[in-house]
1. Dipole of segment 331-475, Cα-centred, from +1 at each Lys and Arg C-beta and -1 at each Asp and Glu C-beta, to the nearest 20 debye?
2. Thr35's amide H: which non-local residues (gap 5+, or another chain) put their own amide H closer than 5 Å, with H modeled 1.01 Å from N in plane and none for Pro or chain starts?
3. Placing +1 at every Lys and Arg Cβ and -1 at every Asp and Glu Cβ, with all other atoms neutral, what dipole size does segment 174-333 have around its Cα centre, in debye to the nearest 20?
4. Using a 1.4 angstrom probe on the protein heavy atoms only, could you order Lys141, Lys194 from most to least accessible area?
5. Using each residue's phi in segment 195-212, evaluate 6.51 cos²θ - 1.76 cosθ + 1.60 at θ = phi - 60° and report the 3J(HN,Hα) Karplus result to the nearest Hz, with x for Gly and Pro.
6. Sort out for me the Cα centre separation of segment 216-233 from segment 39-104, rounded to whole Å.
7. Return one whole number: the accessible area per residue of segment 189-270 in Å², for a 1.4 Å probe.
8. Straight-line reach from Lys294: which lysines have a Cα under 25 Å away, not including same-chain ones fewer than 8 places off?
Amino acid sequence: MSPIREEVLRDENLIRSLEEIAKDTALLNGVLMRTKETPNSPELVSYAPFTLFPTPVPTALFYQALAVQTHFNRLVDRVSQNPTFLEDTLASTIKVDDFTARLFSIFKQVHQECQSQPIVLGLNRSDYMLDQNPDGGTSLKQIEINTIAASFGGLASQTPDVHRHILKVANMLDECDHILDNNPAAGLARGLAKAWELYGSERAVVMFLVEDIQRNIYDHRYVENELWKNNIPVVRRRFEDVCRTGSLDQQKRLFVNGQEIAIVYFRNGYMPQNYTSEQSWEARLMMERSLAVKCPDISTHLAGTKKVQQELAWPGVLERFFPDEPETVAQIRATFAGLYTLDKGEEGDKTVAMALANPDQYVLKPQREGGGNNIYGKEICEVLENTKSSSERTAYILMDKIQPRPVQNYLLRPGAPLKLNSCLSELGVFGAYVRKGNDMVFNECVGHLLRTKSSEHADGGVAAGVAVLDNPLLV
Ligand code: ADP
Ligand code: MG
């Protein structure tokens, strides 16, 4: 299925002229990324990779994803406030997964100190693919929810105008109205602003904790600049800066480079490689102990693990989090794909047998973020055969493989030759919430993101160089 007629897709002259117009329009609209060669300099930038045409998404499924987002916000928040649930759920994982174990030990340490910051800020992105049903329909299935460093809310605010312009030039005026405006950057900033206001100190700053390599800085800048518009000061710091100059005062206020930090907004710290030294871990612990609002705090970070996702899909578990809300439970559960435990025991053994019998129907997932970590096809068999009788298998969960319908499109990427590709898309929905004590004072769905990749690639996001930015064309 494609809204773009076959003769348009195959009209080489038209495609070539659209290619140049598309890239120029992306640059004019600030859909930017720094280059691989000079990621820390603004002297040479390029466009962020994107699709030539927007991708059709059924209107009802799109709105279903938006409608369930505030429920996911509350779910993540409730999971994060349930230490017993987190502890029970992650018990098997942390025995074999060092990274999750380290995060968990910070969680335990801080929890014992009972020093919790009453203001909680969550900025997340729930990702979906549209699964083809046997009856020919499609359904919305969640891939995962990102509770830390969910990206592309900034650039996604700029891409609708690019695709509208391309459609106009391609003489597809009617389709332009089927691309919605989108401004996650403003929504994420509203969440940050609310938390900053509640923190209650004019001088205190919002600290974006960023990586050393800053290729995707413009995505951040959109959110930063929204805050500056409201006179909320923002600084960008790395783990190293926090290690060198960070400290807590008597009241546990966090200071970095002499400035009081109201919010630590993690755009880093989600992968083991982000912690280059013991000092980085110490810095994470110090920030966690501080009075600064953490986005996310350590328990919200853990609430976003794949093991927690799998446990939430177990019968009866959602009901524990929403005891009086069967509608909410039903709405959330409708988006779940099959998720299976690999814990030691009968259930885990059943999962292994099922995966070995039909490996192409599943994805094997470790507790990692950032793309490129999942295992597919016959490699699933290799891993499971090797870990069958050891506890190593509990580092993973198994998930039904979602099978979206491929769509033909061109992917525009600096330096890559243009070619018609069979593509798969993933819809992300941004959520923002702020809780003060027991009161949810802000809970919103703040926008969306469509990412598309060639169907040759089983895995990988935009930052990993596999997926590109896209827009839903509602059909
Ligand atoms: P990460 O935290 O690394 O982003 P994801 O769970 O999002 O992990 O998986 C990475 C990519 O793998 C997704 O963007 C998607 O393309 C693919 N993928 C993940 N789970 C599935 C699934 N159940 N079915 C099909 N593809 C999947
Ligand atoms: Mg992902």
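The values are calculated or read from the model by the stated rules, or taken from the named source; none is laboratory data. Keep in mind it's a predicted model, so treat the numbers as computed, not measured. Cβ sites come from the backbone with ideal geometry, for glycine too, and all protein chains shown count toward neighbours. The area values use the complete protein model at the heavy-atom level, side chains included, leaving out ligands, DNA and RNA. Shrake-Rupley method; radii C 1.70, N 1.55, O 1.52, S 1.80 Å.
1. Around 340 debye, computed over segment 331-475.
2. Correct list: Ser46.
3. Numbers: 20 positive and 24 negative charges, 141 e Å.
For segment 174-333, the charge dipole is close to 680 debye.
4. From most exposed to least exposed: Lys194, Lys141.
5. Karplus-based 3J(HN,Hα) across segment 195-212 equals 5, 4, 4, 5, 4, x, 9, 4, 7, 6, 10, 8, 9, 7, 8, 10, 6, 5 Hz.
6. Rounded to whole Å, the Cα centres lie 21 Å apart.
7. Numbers: 3630 Å² over 82 residues.
Computed with neighbouring chains in place, this is 44 Å² per residue.
8. Reachable lysines: Lys108, Lys194, Lys229, Lys252, Lys306, Lys307, Lys436.
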